[in-house]
Structures are given as structure tokens and as C-alpha cells.
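Trainee: Next up is a structure, given as C-alpha cells.
No value in this document is a laboratory result; all are computed from the given coordinates. This one's a predicted model, so the numbers in the text were calculated from it and none came from an experiment. So basically every Cβ, Gly included, is an ideal-geometry build from the backbone, and we count neighbours across all protein chains shown.
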Amino acid sequence: MSTPNPTESLDSERERTRTGLSKAALKQDFLDNLFYIQGRFREVATPHDLYMAAAFTTRDRLLKHWVESAQVFKTSHARTVCYLSAEYLLGPHLACNLVNLGITEAAREAGEELGLDLDAILEEEEEPGLGNGGLGRLAACFMESLSTCRIPAIGYGIRYEFGIFDQAIEDGWQVEKTDNWLRNGNPWEIPRPKIRFSVGYGGYTESYRDDTGRSRVCWRPAQVINGMAYDTPILGYGTANANLLRLWKAEAPTSFDFQAFNTGDYYGAVYANIQAETISKVLYPNDEPEAGKELRLKQQYFFVSCSMQDMIRLHLNTVGPLESFADKFVAQLNDTHPALAVAELMRLLLDEHVMSWEQSWDITHRTFCYTNHTLLPEALETWSVSLFERLLPRHLEIVYEINRRFLDEVRMRFLGDEARVWRMSLIAEGGERRIRMANLAVVGSRAVNGVAELHSELVKATLFKDFAELWPERFHNVTNGVTPRRFMVVANPRLAQLITKTCGHDDWILDLERVRELEAHVDDAGLLEDWRAVKRAAKQDLATWMQQAAGVRLDPESLFDVQAKRFHEYKRQHLKVLHIIRCYQRIKQGQSQDLVPRAFIFGGKAAPGYFMAKLIIKLINAVGEVVNNDPQVNGWIRVAFMPDFNVKNGQRLYPAADLSEQISLAGKEASGTGNMKFSMNGALTIGTLDGANVEIREAVGAENFFLFGMTAEEALQRQMSGYRPWEFYQSDAELKSDIDLINSGLFSHGDTQLFRPLTDNLVNHDPFMVLADYRAYLDCQKTVSETYRDTPRWTRMSILNVARIGRFSSDRAIREYAEHIWKVTPKRIEPAHHSQS
Ligand code: 475
């Protein structure tokens, strides 16, 4: 079979220089880009010019694969995954693209010949932070793995002008700074002015009869704006497959409202433009929805509508009639944020493509799949019916009709069970009526999955119990994964080289299960020594960076104990703080015999409106100030807060960690993915039986994992039988003295009230049972210290953690989605052979 080769028409001489992978070609192209795009000579170029030239040089090579992929996908009518996500936490592109093209070394050498340091150029990149945390980063790992696994895919989302805020720490408090990531230009995106769709809001609906006499509905929106596509190529590792990330920017439909202009209302006309553009201005910095935010609903509808219209356009252009839409596309809903897509696809099929309800529903229902990422009741999205009606009147009618038909089905199955009908309804009644987006997502999808085994079981047993009884076959589990290219090869090149050297190949980068081959060498003294040296070097790098960024000196000989993730009470950063205070007190009381020198390192952002989370950040820094400045203790322990934990800074942290803190209350963390990133880099985990920790422990072996705390079931039992945190406070003298020390004002320059909201909450409410798990946690930390003292043993455990982590590659997760949920097969893009010069 011959694959069409779109590049054949290109002049091969030109192509060799512009997209060739040799050092010479890279050098030439870099200088050309520096000159023709940045308008600079080598001698006067700024670091940013150099970065841009390097980025464009790399992009040219990506585009080659991308154009080829697009051609093949188009002509072969390949079944395509559309990943719908309000967030993509991409991280820097350049280093990963070099790795995936296989030209990191060539680029480094080309740089050297030009007197340039590749690492310094990589540092220049400002990352697109178009996400909050786990969910957004998962979407980014999945995009990379989709390409690596050669699955035709489009990622759809929003091109936020301002991503997640930059975090600064001032006087120990988090301060938010705007993330102006586009300020210096974005070399990775390609604007597509011809790919534009209009999106309506508000107005009213009208009934009319069509030519055949059938009753139809037409929506007359009050406001119409445009969405324009910006495309970013996402290349896979070791393959010519490249997929597309298509992000939408909101714009006014025309540059002027001429009516207003002619009547002299110039300001009003311009203002309308500005208003339209606000829709894609800024990412909501909460990792749980904020009730009732109209702009957020507008954002969701905006990107979902553009994406659905684009999919229909693509289908009509390539395959043809919409009857086969669900055979061409599968759309994955990344949580409920894009769940409006169900109603929007219905609307487009019914109203714009004049299909019957039955056929529209059949197509819609076969198109969507939904991933749930949280069980926390406060994080489940609902929209008030009145807001929804005001913004999306036609969609409300459609949601009502979906609900009516659905509830009929429920009543047929469960005769007389009106309580069940009430629970399952897409509309929550009683009080203000609200639309339950999770229920809409389940009803509108043919597959629903959780993100770790425990989570998926809890999804069926609690949140969607009624739905799982009605449609048991609809529920699945796909445990999350992360990409080893970014989180091992790019973040930790020394470790990657050591693994490659030890295993005798680098095939593990593509087939992570093969890191298991390390196990055969786990008793090899040479490997143990090299392994320690690699960790030690990473710790030194981090220490150097932290000194400069946070002004804290860290000793690379000490145990690097790291907790890095969003700040949330359920993640229990305050449990970690209580441990630090306990260590502090023990040292002050001359009882340091059980301790090993430790650096307690934190990283993470708090939602700007989440008072308690921000107070915990302040407490960490307050404790740090006392500890780090007390010569009696600072030889034993240090506390450091990494400012602005993002993907780039995460890449500095994971390689340097000895101990990974995964200490959420069991049953609360859906999966966690940081847990995987740490483990992949040889950190040992101290954790509860929560989320994917359960499976990580199974994989690496119980003896290589520090387990503590209640199980999800025990936590639930305790909660139900009446949890009384003050009993723990009263009965555990050390716990009491740790909390009292906070209240004494020691960490707050004598202010005894500053941390009261936190300590009072712990003693009186403690919704995430910090006090109940305190003792078990301290005991477990003692085991950690003992184990760390036995260096060969610790190193062996570290190697086994890496060797057995293969399952947590996002490639595995994507293959499971492809096989069990999406029913898609890989489509190989043959690299055009003459270009591999
Ligand atoms: C889970 N974010 C992790 C990760 O599956 C899990 C919610 C609302 C609005 C904006 N962002 C969010 C999340 O819900 C989120 O990040 N959830 C996380 O998803 C990937 O590993 O346990 O907490």
C-alpha cells in the first residue's frame, strides 16, 4: 500500500536545510531564523531572540510531521479522538519537542559550535499554564501519549490570554501575579484566521414548520461572538505522528458595530468588542467550580460550541453525511466542564442539520465518553436553571427533553421509585433549581470512567450508584498515567542515561514496562553507587536553585522530603506541618536520636479565594522562618517553600526528592499523578491508601512503600459514627503540644490569633481527619528515618520503585482508553525517508 507523500513536491534541497535533523542543518536553520524571524545577528541577539530562533528551528521540523499526519488522517478517514478539556497545563515545549524529534544532542552540539548553551536557551521559555493542576496536566500528558501511540486525535480547549497566576511569596503569604505568557509571543502556535465559528448567547427560541411540515425550533441569540482557532502541533516520541491541539480565542464578530458607530456611539461599539474578548481572557484559578460564575459558563459553552462545529465541518469535508459522525469521532469529556457539548451537538444536529430527535440522540450518545476526576461534593458542577436559561435558552429546552425521556426510562425500570427519579434527574429540585452537569455527562455518554481503581469503585458505589445500577456496563476504570518523556527523559537526564546504560537500551522510553530490567541489577554495587550519585547531583541542582529563588540553604546530604501539589485541606499539607513541628520540638528537647537530617520542601498554589489553603502556606513559611534561623535545629531540619510550583519548576523538584508525600485522607484524592512522577524519579512514597497510591504500592511492592493511616472505609465509618477531633487533641500529649505551639504565637511574632482559624478548625471540625491520622503518620515517619539511615537499603528500594513503575506511563492509560472506551486503532505515519539526513 502506498501512503501519499505530500512532501514529494517540496524541493528536496530546500527541505534538507529547513527540516533536516543533522547538526549542520540545525545550525544553518537556527541562524536563518535568528536573522529572518527575529531580525538579529548572533552578536546582538538577546537570550529571548536565541530562544525564539531555537523554537522556530524546532517547529519547522514538527510541522513537517504534522502536515504529513494531517494529510494521512484526512485521506484515510481515520477514526479520531477529540479530547475536550477546559484546561491544558502544557509546560515548556522546546525540550520535549527536541526529545521527541530525537535531536537533543544534535541541538546541543549545534549550539556549542555557535558558542551557545542549550540549557540556558531552554530556561528562557515561558510555559503556557493553561490549567490549574492534575486535571489540566493529565490532558497534556494524554495529548503527548496519543501522538506517541499513533492515535489520530485533536485536543480542543481555550486559548486563555492569562493562564494560571504566577505565585510569589511575600512575607510568607501567597501573592498572585498575572501570567502574561503571550507577552513575548508564542512560537508554537499557528493562528488559523479561516477557522472561525460564531457562538451565540441569550435571546429566545422560536418554533416554525419546515418544508415537510415538521415542527422545528430556531434560536435567536441576543449576542454573537466569534471563536478563532490557534493550533499547536503535538509530536509523539519516536514516531512521525503529530496531533493537533486546537485552542479557541474569543473575538467580536466584526471589528465594528456600524450601527452604533453611525449613531455616534463609538465607545459603545468598541466596548462590545472588548466584552466579546473577555470570554477567553483568563483561566479560572480554582480547582473546584465557583458557584454561579456566569463568565465561566460562557467560557464552557464558547469552546464546546466552536469544537462541535469544527468536528461537524471536518466530517462534512472528509467523510460526508452526518449519520456516520459517531463512527468518525469519539469525544472525551475531561470532567464536566465540557459537558454542555452533549446539548450543543444535539442542537446542531436538530436545529442546524434538521435531523430527528431519535437520530440526533443516537449520534450524540454514541459520540461522548466522560471522565470523572472528583468525588468531593463541593467540586461537582451545577448551574442554576435561571442563569442557564438566560444564557442558553435553547440548550435548556434540550436538557429538559433529554431529562424527560431519560426519567421515563428510569420510571419504567424502577416502577414507583420516585426518590430514585428525584436523585437521578438532570435537574436538582428543592431550593433553587440547578442543572447537574455530572448527570448530564453520564446520561449523554456511552462510557464513564474514574481515574484510579479505588476511585472508580467509589464512583459506582457512591456518586453514580443509581446510574451504575441502571447501566452497569457503562462504567469503567482507567488509572491515570504520566508521560515518561517529560518527567524522566527531560526532567532527569542523568537518571535516564543511567537507566539506558544499565538496561543496555533506551527502548524503555517508549515501553516503560521495560524499566523492569533494572531489577536484574539491583544488587550490583556499581549501580547503587551510580544511582546515589545521580540523586545527589539532582539534589545539588535543586539546592542551588532554591538558594537563589527562596533564599534557603539546603544540604544535599539531608533527606529531601517533598510535598508538591495544589493546596487543599483534603491533601493535608497541615499534617506535614504538624510533623515538622514535632521534629522541631524533639530537637529542642534533646530527643533527636530518631531523626535524620531532613529538608522539608513544599510547592503548590492555593486558589486565590481559598482562605484556609492560603493560611496553611503562611504557616509553612512561618514555621520555616523559625526553624531555619535557629542554629540549634537548622543542622537537623530546614523548611523550604518553592515559589510558583508549575510544570517547569516541578521538573526541578521530582528528580531531587527522596521522599514523596501523598498523604490525603483516603477516599478523597481521585488518583493523583504527582505520586507517579516522584516514584518514576526514584523517590519513595509515604502515603495513605488513596487514589493511585493503592496501585503504586501494589506495583512497587508493599515493602518499598511507607503506608500509614485509615482506609477509605475506616474514614467513612469514623465519620458516620461521629468524629470528635478534640478527643485526639486531649488524649495525645504531643499532638496537643504541637497545636498549642502554633497558638502560642511562636511562629507568628507573638500573634496568638493569626493561625487560630486553622487550629480551631482542626480541633473542632477537622473535616479531613488530620488529627485521627497524626499518630500513625509520625510512627511511619520514624520508619522512614530508620530506613534512610540504611543507605544501601534505601537505594535498593529507590531502584525498585523506578523498575516497577512502568504501568504508570500515560501510554498505557491511552492504550486502555483506545481499546476499551474509544475503539480506535493506531494509524502509522511513515516518515518521508529522504528527509532523515
Ligand atoms: C484530581 N481540577 C486528582 C487529577 O485525574 C487527579 C476542577 C474544577 C475546575 C478546575 N479544575 C479542576 C480538578 O478537579 C482536578 O485537577 N482533579 C484532579 O484530577 C487527574 O489525579 O486526584 O484531584
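Trainee: Please give the per residue volume of the convex hull enclosing the alpha carbon atoms of the stretch 562-699, rounded to a whole number of Å³. Mind showing how you got there, number by number?
Mentor: Working: hull volume 15.5 nm³, N = 138.
Measuring per residue, one finds 112 Å³ for the Cα hull of the stretch 562-699.
Trainee: While we're looking at this one, here's another question. Mean residue ellipticity at 222 nm from the helices of the chain, using -39,500 (n - 2.57) per DSSP H segment of n ≥ 4 over the full residue count, to the nearest 500 deg cm²/dmol? Intermediate values should be presented prior to the final figure.
Mentor: Values: 33 runs with 379 residues, N = 837.
Only helices count here, giving -14000 deg cm²/dmol.
Trainee: Before anything else, pin down the relative contact order of the stretch 486-808: Cα pairs under 8 Å, at least 6 apart, normalised by residue count, whole percent. Before the final figure, lay out the partial values.
Mentor: On the way: 519 pairs, mean separation 73.4, N = 323.
Result for the stretch 486-808 is 23 percent.
Trainee: Quick check: the distance between the Cα centres of the stretch 743-811 and the stretch 305-337, to the nearest angstrom?
Mentor: 46
Trainee: What is the gain in length, in nm to one decimal, between Asp594 and Leu707 on full extension, counting 0.36 nm per residue of separation less the C-alpha to C-alpha distance? Spell out each step's value before the answer.
Mentor: Values: separation 113, 0.36 × 113 = 40.68 nm, distance 1.88 nm.
Gain on extension, Asp594 to Leu707, equals 38.8 nm.
Trainee: About the Cα centre of the chain, what is the dipole size in debye to 20, counting +1 per Lys and Arg Cβ and -1 per Asp and Glu Cβ, all else neutral? Write out the running numbers ahead of the final one.
Mentor: Values: 95 positive and 111 negative charges, 150 e Å.
Dipole size: approximately 720 debye.
Trainee: Could you sort the peptides 84-93, 451-460, 542-551 by per-residue average Cβ neighbour count (10 Å cutoff), highest mean leading?
Mentor: On the way: 84-93: 26.3, 451-460: 22.8, 542-551: 16.3.
Descending packing order for the listed peptides: 84-93, 451-460, 542-551.
Trainee: Quick query: amide H of Ile427 versus all other amide H atoms, modeled in the peptide plane; which residues come in under 5 Å with a sequence gap of 5 or more or a different chain?
Mentor: HN-HN under 5 Å from Ile427: Arg436.
Trainee: With unit charges on the beta carbon (Lys/Arg positive, Asp/Glu negative), name the residue among Ala670, Gln497, Val552 whose Cα is farthest towards the positive pole of the charge dipole of the stretch 486-808.
Mentor: The residue sitting farthest along the positive end of the dipole is Val552.
Trainee: If you line up the Cα atoms of the stretch 486-808 on their principal axes, what length do they span on each, largest first, in Å?
Mentor: Projected onto its principal axes, the Cα set of the stretch 486-808 covers 59, 45, 39 Å.
Trainee: When only C-alpha pairs under 8 Å and at least 6 residues apart count, what is the relative contact order of the stretch 86-198, in percent? The partial results should precede the final answer.
Mentor: Numbers: 113 pairs, mean separation 31.0, N = 113.
Answer for the stretch 86-198 is 27 percent.
Trainee: Sort 45-55, 231-241 by the packing proxy (mean of other Cβ within 10 Å over each peptide's residues), most packed first. The partial results should precede the final answer.
Mentor: On the way: 45-55: 19.9, 231-241: 23.0.
Those peptides, ordered most packed to least, come out 231-241, 45-55.
Trainee: Taking each pair of different alpha-carbon atoms in the stretch 209-329 once, compute 1/r for the pair, average those values, and report the inverse of that mean as the Kirkwood hydrodynamic radius in Å to one decimal.
Mentor: 18.0
Trainee: Let me ask something additional. According to the Cα gyration tensor, what semi-axes, each the square root of 5 times an eigenvalue, does the equivalent ellipsoid of the chain have, listed from largest to smallest in whole Å? It would help to have the intermediate numbers written out before the result.
Mentor: On the way: eigenvalues 367, 257, 137 Å².
Result for the chain: semi-axes of 43, 36, 26 Å.
Trainee: On average, how much area does the Cα convex hull of the stretch 357-437 cover when viewed from any direction, in nm²? Mind dumping the intermediate values first?
Mentor: Values: hull surface 26.3 nm².
Mean orientational projected area (the stretch 357-437, Cα hull): 6.6 nm².
Trainee: While we're on this one: Under a point-charge model restricted to the Cβ atoms of Lys and Arg (+1) and Asp and Glu (-1), what is the dipole moment magnitude of the stretch 486-808 relative to its Cα centre, in debye to the nearest 20? It would help to have the intermediate numbers written out before the result.
Mentor: Numbers: 39 positive and 40 negative charges, 155 e Å.
With Lys and Arg at +1 and Asp and Glu at -1, about 740 debye.
Trainee: Return, for the Cα atoms of the stretch 104-202, the radius of gyration and Dmax in Å, separated by a comma.
Mentor: 18.2, 60
Trainee: So, R0 is 56 Å and r is the distance between the beta-carbons of Arg209 and Asp32; what FRET efficiency does that work out to, to 0.05? Walk me through the numbers on the way to the answer.
Mentor: Values: r = 62 Å, r/R0 = 1.12.
Calculated transfer efficiency: 0.35.
Trainee: Kindly write out, for the stretch 394-405 in residue order, the coupling ³J(HN,Hα) from the Karplus curve 6.51 cos²θ - 1.76 cosθ + 1.60 (θ = phi - 60°), rounded to whole Hz, with x marking Gly and Pro.
Mentor: 5, 5, 5, 4, 5, 4, 4, 6, 4, 5, 4, 5
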